[in-house]
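Asker: Below are the structure tokens for one structure; questions will follow.
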Amino acid sequence: MIDIKNVSMKFNLGIEKEFSIKQAFVNFLSPKARKTRKKKEEFWALNDVSFHVDKGEVVGLIGSNGAGKSTLLKVVSGVMKPTKGKVQVNGVISPMIELGAGFDGNLTARENIYLNGAILGYSKKFLQDKFEEIVEFSELREFLDVPVKNFSSGMTAKLAFSIATIVNPEILIVDEILSVGDIKFQEKSKHKMMELIKGGTTVLYVSHSLDSIRELCDKVVWLEHGQIVDIGDTNRICDEYFDKQMGNTKPKKK
């Protein structure tokens, strides 16, 4: 379903400096220093990452902040093109990476349902048919005619989640969405995720909550510094990761 082969992703942390007149002058006078600085400013968010996800499988991605988890999701979703390697996806992806990224803050929640739905590829007729269902799930009926710029981050995430999960996608790319909103909405979100999983949806799921990883995932990929530390059984990997975070063990790169 998803085949990730030798994927690497490089960022240039100092690229903005290259456009200043002062920096251009320094580069001209000292090309050696420029090369040294450029090398230091290169950051590999992912480095030779490879693994496979079968149809209907739920795979968790864990790791410290900056491990490369969200970057990998963006590469798989097609938001970013890898510097090296390739990703082959067989199926339609529904990414839930940055909830609300497709909203216009000046438009109302009602208007953004149609706007965001269109961005996700839903037809106007489909959105009209599903409108009440989206509103009911979001719990935002009384705020439908309020501009989204006046929403809290939790309210925005509720609306975005309700739109994104209105259909059963073939592949779901999820980044920390089960922590959005209040406790009641978190439970609704988890229940919705379980419905999608039971329906055969293939899932790539990033979370810092080991409890939700254990509950939802068939296997786990552990990333650190852009590289795979280990892949395998959910409970085993979560236990080893927890021990590492608590300073009990030192992981070995796979």
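The values are calculated or read from the model by the stated rules, or taken from the named source; none is laboratory data. The model shown is predicted, which means the values in this text are computed figures rather than measured ones. Methodologically, a virtual Cβ is constructed for each residue, glycine included, from the backbone with ideal geometry; neighbour enumeration extends over all protein chains shown.
Asker: When region 141-165 is examined, which residues are found to be in a loop (DSSP other than H, G, I, E, B), surrounded by fewer than 20 Cβ atoms within 10 Å (Cβ to Cβ) and touching a helix residue (DSSP H, G or I) at 6+ places or on another chain (Cβ under 9 Å)?
Answerer: 144, 145, 146
Asker: Do we have residue 128 as touching a residue at least 60 places away in the same chain (Cβ under 8 Å), exposed (fewer than 14 other Cβ atoms within 10 Å of the Cβ) and not basic (Lys, Arg) here?
Answerer: no
Asker: Here's something else I'd like to know. Within region 42-71, restricting attention to residues that are over 10 Å from residue 223 (Cα atoms) and within 11 Å of the chain's Cα centre (by Cα), which residue is modelled with the highest pLDDT?
Answerer: 71
Asker: If you don't mind, there's one more thing I want to ask. Take residue 102 and decide whether it is within 30 Å of residue 5 (Cβ to Cβ) and out of contact with any helix residue (DSSP H, G or I) (no Cβ under 6 Å at 6 or more places or on another chain).
Answerer: In short, no.
Asker: Next question. With (1) outside the structural domain of residue 228 (by TED's automatic domain parsing); (2) part of a helix (DSSP H, G or I); (3) surrounded by 18 or more Cβ atoms within 10 Å (Cβ to Cβ) as the list, and residue 75 as the residue in question, which single condition is left unmet?
Answerer: It is condition (1) that residue 75 fails.
Asker: Consider residue 199 carefully, then state whether it is modelled with pLDDT under 85 and of a type outside the set (A, V, I, L, M, F, W, C).
Answerer: Taking the combined requirement at face value, the residue does not satisfy it.
Asker: May I ask you to verify whether residue 88 is surrounded by fewer than 21 Cβ atoms within 10 Å (Cβ to Cβ), touching a residue at least 60 places away in the same chain (Cβ under 8 Å) and either among the polar types (S, T, N, Q) or touching a His at 6+ places or on another chain (Cβ under 8 Å) (or both)?
Answerer: Numbers: surrounded by fewer than 21 Cβ atoms within 10 Å (Cβ to Cβ): yes; touching a residue at least 60 places away in the same chain (Cβ under 8 Å): yes; either among the polar types (S, T, N, Q) or touching a His at 6+ places or on another chain (Cβ under 8 Å) (or both): yes.
Yes.
Asker: Report every pair of residues separated by at least 6 positions or lying on different chains whose Cβ atoms are under 7 Å apart, first residue within region 48-62 and surrounded by 21 or more Cβ atoms within 10 Å (Cβ to Cβ), second acidic (Asp, Glu) and modelled with pLDDT under 95.
Answerer: From region 48-62, the pairs are 58/218; 59/218.
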